[in-house]
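Below is one structure, written out as structure tokens; comments come after it.
Values in this text are rule-based calculations from the coordinates and carry no lab data. This one's a predicted model, so the numbers in the text were calculated from it and none came from an experiment. Glycine also receives a Cβ, built like all others from the backbone with ideal geometry; neighbour counts cover every protein chain displayed.
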């Protein structure tokens, strides 16, 4: 299991990409977070993978949101992932789904899904898109290229192994 350090937490406060309106999200993306996934799905876009934890801003998601999200995906994996961490099972689920292209998929997280953008980006093909919510700012669009993969892999390597 990897744990986020204080220094890395401060670094990750800055979005990894640009803020966009959900209606401009690309089809076939990976989406991290309940609100982000719901907003993108309701525009009619079909992500290849969503990771949700049943919460929006650390409060339980509304039943209408959760109901729609829990219907999404052909493949479903359930994992535990404590806040501020990336569990080995969550990282492995992300890797397997992306590598084996089990799409569309949903990862249901007990705990918190926020940091799962990191192993997702690490495993995604260059030229792909990932979306996640930036609190009080909006939807972050990350274009996965060699540079962002390298930065994310450095962050993952700097996380504390526990």
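Couple of notes before you dig in:
- The helix-only estimate of mean residue ellipticity at 222 nm for the chain, built from DSSP H runs of length n ≥ 4 each weighted as -39500 (n - 2.57), is -9500 deg cm²/dmol after division by the residue total.
- For the range 1-88, dividing the convex hull volume of the Cα atoms by the residue count gives 117 Å³ per residue.
- Potential extension, residue 74-residue 162 segment - 0.36 nm per residue separation minus Cα distance: 28.4 nm
- Beta-bridge orientation, the range 9-131: approximately 10 percent antiparallel, per DSSP, counting only bridges with both partners inside.
- Peptides 73-80, 11-18 ranked from most to least packed give 73-80, 11-18, packing being the mean of other C-beta atoms within 10 angstrom over each peptide's residues.
- Counting every pair of alpha carbons in the chain, the share spaced more than 26 Å apart comes to 17 percent.
- Alpha-carbon Rg/Rh ratio, for the range 12-63, with Rh computed the Kirkwood way: 0.96
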